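A quick write-up on the structure given underneath.
The values are calculated or read from the model by the stated rules, or taken from the named source; none is laboratory data. Quick caveat, the model's predicted, so the values are computed rather than measured. Glycine gets a Cβ as well: all are built from the backbone with ideal geometry, and neighbour counts include every protein chain shown. We work out accessible area using only protein heavy atoms, side chains counted, and drop any ligands, DNA or RNA first. Shrake-Rupley method; radii C 1.70, N 1.55, O 1.52, S 1.80 Å.
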Amino acid sequence: MLRHDSIHCFDISLDRRREGGHEVRVHDDAVAFVAQLRDRASLRSRIEKRFGNGNSDRQFKHLLRGKLFLYQRRGAVFLARAGRSLLADDMGLGKTIQSLAAAEMLAQVGEVQRVLIVTLTSIKHQWKQEIERFTNRSAQVIEGMTAARRSAYREDSFFKITNYPVLHRDVEAIEQWAPDLIILDEAQRIKNWKTRTAQTVKVLPSQHAIVLTGTPLENRMEELHSIVEFVDRYRLGPMFRFMHEHQQSDEAGKLVGYTKLGEITRTLEPILLRRTKSQVLAELPERLEKYLLLPMTPQQMAYHEENRELVALIVAKWRRFRRLTDADQKRLQMALQNMRMSCNSTYLLDQDTEFGCKPDEVVNNLMELLEDRDAKVVVFSQWIRSHELLQRRLQDRKCEHVMFHGSVPGPKRKDLIERFRNEAKCRVFLSTDAGGVGLNLQNASAVLNMDQPWNPAVIEQRIGRVHRMGQSRPVNVVHFVSEGTIEHGMLDVLRFKKSLFAGVLDGGEDSVFLGGTRLKKFMDSVEQATGSVPAAPPASEASTSELIDNAEPPTDAPAVDGDPEHADPSRPGVDLMSQIVELGQALIGGFSQAASAMQSPQAGGPKSSPSHAWSVERDDRTGTPMLKLPMPSPETMAKAADLLQAILGAMKPPTR
């Protein structure tokens with residue numbers, strides 16, 4: 001028996017036994033275990049000496065560019081002191097900033113020089129922004145095709161940010177880079193130990209690890225074991241023994257419950273920290289606000305960029321003549337609205353299509369908030385069609401909700417509000433800005449803004465429906481912003497131009513467009529919002545290659561030994577061969593459309609709508625009709641070529 005308080009005299013004890021004539025054998029894993037215990041004891045001592053237990057703000061003044069709450073300071077100390085740990089705080093308590101504070105603490109005591117952050121594809125750039133906002137460290141997002149990613153790992157940066165589905169292709173590059181600390185965000189992605197993602201994560205090398213998840217245990221005890229195994233592979237013991245000790249089955253072998261849960265709690269105490277909002281209520285501010293940056297699909301971006309070109313032309317005309325006709329003003333208003341609508345989904349502009357990840361991200365965040373049984377959530381969007389997309393997803397999850405908008409008759413409005421207030425099962429309130437006038441919804445505790453109004457007063461009105469007198473809980477506010485779009489460019493406008501006049505693009509009066517200084521202010525805002533759009537990530541990552549490189553396998557799909565490339569489908573339920581067939585069908589369909597277009601008298605006319613990817617144009621010099629079609633991403637083409645080559649190779653008769 002090795003007592004933890006005796007690790008400092010382990011070598012002395014061995015020497016004394018050898019001197020007494022005893023044969024002593026120590027296996028490598030035991031030596032490594034004792035060394036790990038000593039390292040952690042040393043780390044604990046250095047962290048406590050420099051930062052204390054987190055109770056004093058004085059020791060944290062220059063740690064990050066931002067003030068930490070008391071519970072966040074204590075959380076950061078816990079993470080840094082443990083070396084390898086799991087933070088399972090409720091959503092909205094700041095797991096990201098706590099992990100960044102812990103990383104900085106480890107860096108300042110000489111433990112960390114390279115940090116790998118593994119997160120969801122949709123929030124990689126959000127992590128980069130948070131790092132640049134709170135720290136002085138360099139951060140690099142790992143993206144692109146395999147060669148580009150490998151090259152990125154060779155570049156110098158303190159933080160590198162990647163996503164789960166590409167890890168299995170990048171293991172070698174990560175091992176060569178040798179991170180000192182790995183931060184796993186949304187770690188429920190490794191809850192199923194059978195998946196290739198989980199198995200890949202668990203072989204990543206690092207001395208320190210921080211695992212972030214608000215839901216370490218969702219359905220089964222095996223999920224908790226799988227996540228803890230990355231933090232400390234010996235903590236809960238082998239899976240079979242853990243399940244045998246803690247699960248109860250009936251005579252037929254059917255699982256009926258779990259037992260000895262207090263024992264699990266005590267076992268995890270040194271590495272697991274969890275706080276709920278109710279536990280830290282006194283420390284929380286009245287309002288917790290955050291922005292989530294989401295990628296656009298190529299289909300969304302096609303609409304967005306087509307309308308941005310029109311905006312650019314009208315802005316250029318404004319710069320030249322300093323006036324706009326009524327027709328130009330209406331075209332400008334429509335183009336800007338189309339740009340904003342495309343950020344939610346193509347469905348808002350073309351009901352025959354539905355491209356865009358924002359509805360899924362909104363619902364995922366909403367369901368996470370609803371894990372608090374007392375929570376109710378209000379979701380705002382300017383457009384009813386956005387709520388139609390959310391309604392479908394909520395119905396699939398059997399989540400009861402109400403939808404409130406300007407077309408709802410007066411008598412029915414009261415019934416909807418009363419249902420949301422009084423029915424425990426009705427926990428989601430979908431509302432447009434037109435329907436939200438005069439609402440008092442302080443029984444809710446979260447506001448999700450699916451889109452960004454141009455008028456900051458409208459945002460405050462949305463939040464004010466929940467964050468008002470009578471509210472007894474802190475209010476979570478989450479803004480969903482499409483990256484590299486007009487929404488992204490609007491953030492600075494909203495932050496620094498609070499006096500932007502009301503309702504310009506949200507159904508304002510026509511008098512706004514009469515000219516003079518008011519039109520000038522409006523055009524200045526348009527130029528600032530559309531001219532300061534940050535660069536979007538490569539479209540291939542958020543779209544076509546996303547389906548192949550960044551898709552997760554079904555949760556019950558085991559890894560295939562000896563064949564890592566075929567362990568997961570390229571996207572859930574669809575393999576690469578199916579995608580090639582789809583591409584072929586699209587190709588044939590495109591030729592058919594093109595043939596019809598060439599027979600049409602409008603064959604040389606203007607480009608088709610972005611919803612139609614194929615178009616026929618005429619060469620300006622020769623007048624010859626030409627077929628214009630989009631190419632899949634280079635990575636998709638390379639994968640298709642590799643698979644076709646393998647198929648042809650298998651069909652080739654063997655050489656004798």
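Assorted remarks:
- What the Cα atoms of the range 311-428 give is an Rg and a Dmax of 19.0, 59 Å.
- Distance histogram in 10 Å bins (all Cα pairs of the range 315-369, percent per bin): 21, 31, 24, 17, 7, 0
- The lysine pair tally for the range 341-440, using Cα distances under 20 Å and a gap of 8 or more places or different chains, is 7.
- The range 165-237 shape via C-alpha gyration tensor axes, a/c threshold 1.5: prolate
- With a Förster radius of 25 Å applied to the C-beta separation of K49 and M367, the computed FRET efficiency comes to 0.05.
- With the simple spin-label model, which puts each label point 7 Å out from Cα in the Cβ direction, the D328 to V31 separation comes to 8.0 nm.
- With both labels modelled 7 Å from their Cα along Cα-to-Cβ, the V171 to F321 distance reads 6.4 nm.
- Out-of-range pairs (alpha-carbon distance over 32 Å; input K124/K260; K194/K260; K194/K254): K124/K260
- Inter-part distance where the range 361-394 and the range 53-129 are each reduced to a Cα centre, Å: 29 Å
- Atom-type composition of the exposed protein surface of the range 1-137 places 46 percent of the accessible area on carbon and sulfur (1.4 angstrom probe).
- Anisotropy class of the range 89-213 from Cα gyration tensor, a/c 1.5 cut: rounded
- Extents of the range 93-160, largest first, come to 34, 28, 16 Å (Cα atoms, principal axes, whole angstrom).
- Net length available on complete extension from D524 to T353 is 58.2 nm, with 0.36 nm assigned per residue and the Cα-Cα distance removed.
- Accessible area expressed per residue, the range 363-454, with surrounding protein chains retained (probe 1.4 Å, Å²): 43 Å²
- Share of pairwise Cα-Cα distances greater than 20 Å in the range 1-89 is 52 percent (whole percent).
- Accessible area per residue, Å², the range 138-186 with all protein chains present, probe 1.4 Å: 35 Å²
- Projecting label points 7 angstrom from Cα along Cα→Cβ for S42 and K254 puts them 5.5 nm apart.
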